[in-house]
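*Asks:* Got a structure here, written out as structure tokens. Questions coming.
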Amino acid sequence: MIPSFRQQLLEIEKLKMTPFKKMLPTKKDKQEFDEIFENVRLYTSYLGNVSTHIPLESVFMGAIFNNYKRLK
């Protein structure tokens, strides 16, 4: 299966955050970081409709929306 353009953008943004992830103090923190991106993946088809030139904005929106739903 060939990943969609949106999925590839998500992976690119995750790779850009690798230095941040490496600096996280514990393995659990690093796993939770990965979980954020997995949760955002749930909304990539919807976030693809957002007209933004900064893909990281869509990543943030997906993470915020998922956290909002969990808190509610």
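None of the figures in this text is laboratory data; all of them are computed from the coordinates on show. Being a predicted model, the structure only gives us computed values, none of them experimental. When we count neighbours, we look across all protein chains shown, and the Cβ atoms used for this are built from the backbone with ideal geometry, even at glycine.
*Asks:* Within the set of other residues whose C-beta is less than 15 Å from the C-beta of Arg70, count the net charge using Lys and Arg as +1 and Asp and Glu as -1.
*Replies:* Cβ neighbours under 15 Å give a net charge of -1.
*Asks:* Shifting gears a bit: Among Ile36, Ile12, Ile54, which one shows the biggest mean-square fluctuation in a GNM of the chain, springs joining Cα atoms closer than 10 Å?
*Replies:* Of the options given, Ile54 has the highest mean-square fluctuation.
*Asks:* Okay, next question. Please give the net charge around Lys28, taking every other residue with its beta carbon less than 13 angstrom from that of Lys28, where Lys and Arg add +1 and Asp and Glu add -1.
*Replies:* Around Lys28, the charge tally is -1.
*Asks:* Mind checking which of Phe20, Phe33, Phe60 has the largest fluctuation in a GNM of the chain, springs on alpha carbons under 10 Å?
*Replies:* Largest GNM mean-square fluctuation: Phe20.
*Asks:* Find how much the distance from Lys30 to Glu11 grows on full extension, using 0.36 nm per residue of separation minus their present alpha carbon separation; answer in nm with one decimal. Spell out each step's value before the answer.
*Replies:* Values: separation 19, 0.36 × 19 = 6.84 nm, distance 1.58 nm.
Taking 0.36 nm per residue and subtracting the Cα distance, the gain is 5.3 nm.
*Asks:* What percent does the relative contact order of the chain come to when contacts are Cα pairs within less than 8 Å and at least six residues apart?
*Replies:* It rounds to 35 percent for the chain.
*Asks:* The chain: percent of C-alpha pairs farther apart than 14 Å?
*Replies:* Percentage above 14 Å: 61.
*Asks:* Could you work out how far helix 5-16 tilts from the main Cα principal axis of the chain, as a 0 to 90 degree angle to the nearest 10?
*Replies:* 30
*Asks:* Let me ask something additional. Report, ordered by chain and residue number, the lysines lying within cross-link reach of Lys16, taken as a straight Cα distance under 29 Å and ignoring same-chain residues fewer than 8 apart.
*Replies:* Result set, ordered by chain and number: Lys27, Lys28, Lys30, Lys69.
*Asks:* As a test of the formula, what do you get for the chain when each DSSP H run with n ≥ 4 contributes -39,500 (n - 2.57) and the sum is divided by the residue count, at 222 nm and rounded to the nearest 500 deg cm²/dmol?
*Replies:* Per the formula, -22500 deg cm²/dmol.
*Asks:* Quick one: angle between helix 27-41 and the longest Cα principal axis of the chain, in degrees between 0 and 90, rounded to 10, please.
*Replies:* Approximately 10 degrees, to the nearest 10.
*Asks:* Continuing with the same structure: Could you state the angle between the C-alpha long axis of helix 55-71 and the longest principal axis of the C-alpha atoms of the chain, as a value from 0 to 90 degrees rounded to the nearest 10?
*Replies:* That helix lies at roughly 70 degrees to the long axis.
*Asks:* Please list, or write none, the aspartates and glutamates whose alpha carbon is within less than 14 Å of the alpha carbon of Lys22, excluding same-chain residues fewer than 8 places away.
*Replies:* Filter leaves Glu32, Asp34.
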